[in-house]
Amino acid sequence: MSHLIAPSLLSSNFLKLEEEIDMVNRSEADWFHLDIMDGLLVPNISFGFPVLDRIMKVAEKPMDVHLMIVDPDRYLDRFRASGADIITVHYEACAHLHRTIQAIKDSGAKAGVSLNPHTPVILLREVINELDLVLLMSVNPGFGGQKFIKQTYRKTRELKTLILDNESEALIEVDGGVTLRNARSLIDAGVDILVAGNTVFASENPVETIHQLKHC
């Protein structure tokens, strides 16, 4: 399978959000990546259901919703109703992770779990066969434009080994500091999905940048 590109709308121009979405629709991007932050699990607040409901009406590609919120179980069905095709929760936010994963799948969405930079991949051993994807944070979550944490390469290889050893079908997604300079190295390490924010939306030609990420 060719790797997937998921532009992160958190880095888009919210005054021109429909234009930005149209650009992604026309590009070779595969998913929309949507970061939901509550100001509690991470030190920032992004957007919620009213914005998602509008995005759903114009997005022509799957919506990859990354919940950086505490107690995500309260809202899983609501996020699904707002168009989430993939729902990813943080390991650090879930007291009963297996139950949360099953609730996501029961909603009809694909299930993902995200790990902060300090959280080891071995903690997913008991649920790796239940997951559709694992999202590795390659920056400390909360803000775009941060410097890529190089230990992510090693962590990606460890996760790939865990997936293969357990015959899991989970995909590996990386979010944070993804650029044209490190994209190929991440793919070589085992990454299946590249989330790109500033790299895409700060580009003078974002469609071409997405093309380059897709074919690096």
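The values are calculated or read from the model by the stated rules, or taken from the named source; none is laboratory data. Just so you know, these numbers come straight off a predicted model, no measurement behind them. Note that we place each Cβ from the backbone using ideal geometry, even for glycine, and neighbour counts take in every protein chain shown.
Observations, loosely collected:
- Pairs, first more than 16 Å from ILE187 (Cα to Cα) in the stretch 203-216, second of a type in the set (Asp, Glu) and modelled with pLDDT of 95 or more, C-beta under 9 Å, six or more apart: PRO206/GLU20; VAL207/GLU28
- On the stretch given as the stretch 1-37, residues that are among the basic types (Lys, Arg) and within 21 Å of LEU180 (Cα to Cα) total 1.
- Contact map, the stretch 40-52: first residue within 18 Å of GLY197 (Cβ to Cβ), second residue in a loop (DSSP other than H, G, I, E, B), Cβ cut-off under 6 Å, separation 6 or more or different chains; pairs are VAL42/PRO141; VAL42/GLY142; PRO43/GLY142; ASN44/GLY142; ASN44/PHE143; ILE45/GLY39; LEU52/SER82.
- Residues in the stretch 125-166 that are assigned to a loop (DSSP other than H, G, I, E, B), of a type outside the set (A, V, I, L, M, F, W, C) and either buried (at least 17 other Cβ atoms within 10 Å of the Cβ) or touching a residue at least 40 places away in the same chain (Cβ under 8 Å) (or both): ARG125, ASP132, SER138, PRO141, GLY142, GLY144, GLY145, ASN166.
- Residue pairs meeting the criteria (Cβ under 6 Å; at least 6 apart or on separate chains; first within 16 Å of LEU115 (Cβ to Cβ) and in contact (Cβ under 8 Å) with a residue 24 or more places away in the chain, in the stretch 167-184; second in a loop (DSSP other than H, G, I, E, B) and among the hydroxyl-bearing types (Ser, Thr, Tyr)): VAL174/SER138; GLY176/SER138; GLY177/SER138
- Some residue of the stretch 204-211 being of a type in the set (A, V, I, L, M, F, W, C) and surrounded by fewer than 22 Cβ atoms within 10 Å (Cβ to Cβ): yes
- Selection within the stretch 1-47 - part of a helix (DSSP H, G or I) and among the aliphatic types (A, V, I, L, M): LEU9, LEU10, LEU15, LEU17, ILE21, MET23, VAL24
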